[in-house]
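Okay, so here's the structure we're looking at.
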Ligand SMILES: [Zn+2]
Ligand SMILES: [Zn+2]
Ligand SMILES: [Zn+2]
Ligand SMILES: [Zn+2]
Ligand SMILES: [Zn+2]
């Protein structure tokens, strides 16, 4: 037994497991310190993947979505609304309007309507 090592637990993968994890470098999430298995087609695990269905990009640090799917407001890391550029909190509450709504303060309450400049 000259070749005894921890093998990657991924089905049919025979690579050596990466450091302390149960997975090889190909099947382990690329995020530092994360030893979870990658999802199909992405380089990160479920936890570190963008929450938008069909998107396989890495979620931003402490966010739920990738750069492409995060609210454009600096400092806001919520997912953008469908076909919009801002998250549900920072999108105008008027029907069909996807413009930026400047929600004041840290009170992110979806029940309180907030409108863009045009609908104010
Ligand atoms: Zn592997
Ligand atoms: Zn991960
Ligand atoms: Zn995404
Ligand atoms: Zn936002
Ligand atoms: Zn509006």
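Taking every alpha-carbon pair under 8 Å whose residues sit at least 6 apart, the chain reaches a relative contact order of 10 percent. Reported to the nearest whole Å, the Cα centre-to-centre distance from region 27-47 to region 60-119 is 28. Put in line by how crowded their Cβ is, counting other Cβ atoms within 10 Å and starting with the fewest, 93, 11, 65 read 11, 93, 65.
Each of 103, 51 has some number of other Cβ atoms within 10 Å of its Cβ, and from fewest to most they run 51, 103.
Once you have a ≥ b ≥ c as the square roots of the Cα gyration tensor eigenvalues for the chain, tell me rounded if a/c is under 1.5, and otherwise prolate or oblate according to whether a/b is larger than b/c. Because a/c hits 1.5 or more and a/b exceeds b/c, the chain counts as prolate.
Taking neighbour counts of Cβ atoms within 10 Å as a proxy for exposure, in what order, fewest first, do 9, 44 appear?
The fewest-first ordering by Cβ neighbours comes to 9, 44.
Mean-square fluctuations from a GNM of the chain, with a 10 angstrom spring cutoff on Cα atoms, peak among 15, 72, 38 at 15.
Read-outs: derived from the displayed coordinates by stated rules, not from any lab. Worth saying up front: this structure is predicted, and the values here are computed from it rather than measured. With ideal geometry, Cβ positions are generated from the backbone for all residues, glycine too; neighbour counts draw on all protein chains shown.
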